[in-house]
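So the structure is just underneath, and the comments pick up after that.
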Amino acid sequence: MAKAIVKNAKTSGEKPDAIILAAGMMGRKTLYPKALVEFEGKSIIEHQINWLSSHVNKIVIACHKDEYEPIHNYLGNMKNVEYSLEPVLLGTSGAVTKALEKTKASKILICNVDDVTDIDLKALIGFGTDTIAVANPRLNYGIIKIDGFEVEEFREKPIMPDLWVSCGVYLLDRKTMQEFSSKGSLERDVFPGLNLKAFKHFGLFKTFGPC
């Protein structure tokens, strides 16, 4: 019994590994990996790696095989960063399932590459697994209240305090992930059937994904 208690305590204190879901292209005339979109002087994947690195043991970048070369050439060889390559796009669930082959950790942080946040990862990890980080969204446009043709109120890019949206950051137990489909969407096909907790975040949350 004492040995089991020590083992469980050790497991609960282990750092998780992270999977960055980096597949996807952007651009009109010239396509480029969305992971390389620039924000405040750095690519968004650099922001994520810097944010994650002191809180996880390993980072696995999950991307399509055609995106590997430009991402790797941009980042160079980085300590404790590996790649999981998809020969065809598998969706977020399939990408996570394939990336799990690169890690044996009992807890996994999953991050959408196009969501940049300053979530307190120490607090999130302490909150426990099977958790989704949520935030109040900020609109990208102003809200105008009108009466007939008269403008009564104008609010520029307000935060919506009564709404919660996914930050694209999930802390999951490996056992929960064993039943993930090898192709499909986490958001549409997997998460609706899971019993998840919500970790509320009130800081930076910016998404670069398509509207």
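Read-outs throughout are calculated quantities, based only on the coordinates presented, and are distinct from any laboratory measurement. If you're wondering where the values come from, they're calculated on a predicted model, not measured in any experiment. All Cβ positions, even for glycine, are placed from backbone atoms using ideal geometry, and neighbour counts span all protein chains on display.
Some values worked out for this structure:
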quantity: Restraint check, Lys157/Lys200; Lys104/Lys206; Lys65/Lys197; Lys79/Lys197, Cα-Cα greater than 23 Å; calculated: Lys104/Lys206; Lys65/Lys197; Lys79/Lys197
quantity: Equivalent-ellipsoid semi-axes of the chain, from the Cα gyration tensor, Å, largest first; calculated: 32, 23, 16
quantity: Residue with peak Gaussian network fluctuation, the chain [Cα springs, cutoff 10 Å], from Gly148, Gly126, Gly76; calculated: Gly148
quantity: Neighbourhood net charge (9 Å Cβ-Cβ; Lys/Arg +1, Asp/Glu -1) for Glu82; calculated: +2
quantity: GNM top mover of Leu36, Leu109, Leu21 - the chain, alpha-carbon springs below 10 Å; calculated: Leu36
quantity: Computed over the range 1-141: relative contact order in percent, which uses C-alpha pairs under 8 Å that are six or more apart; calculated: 30 percent
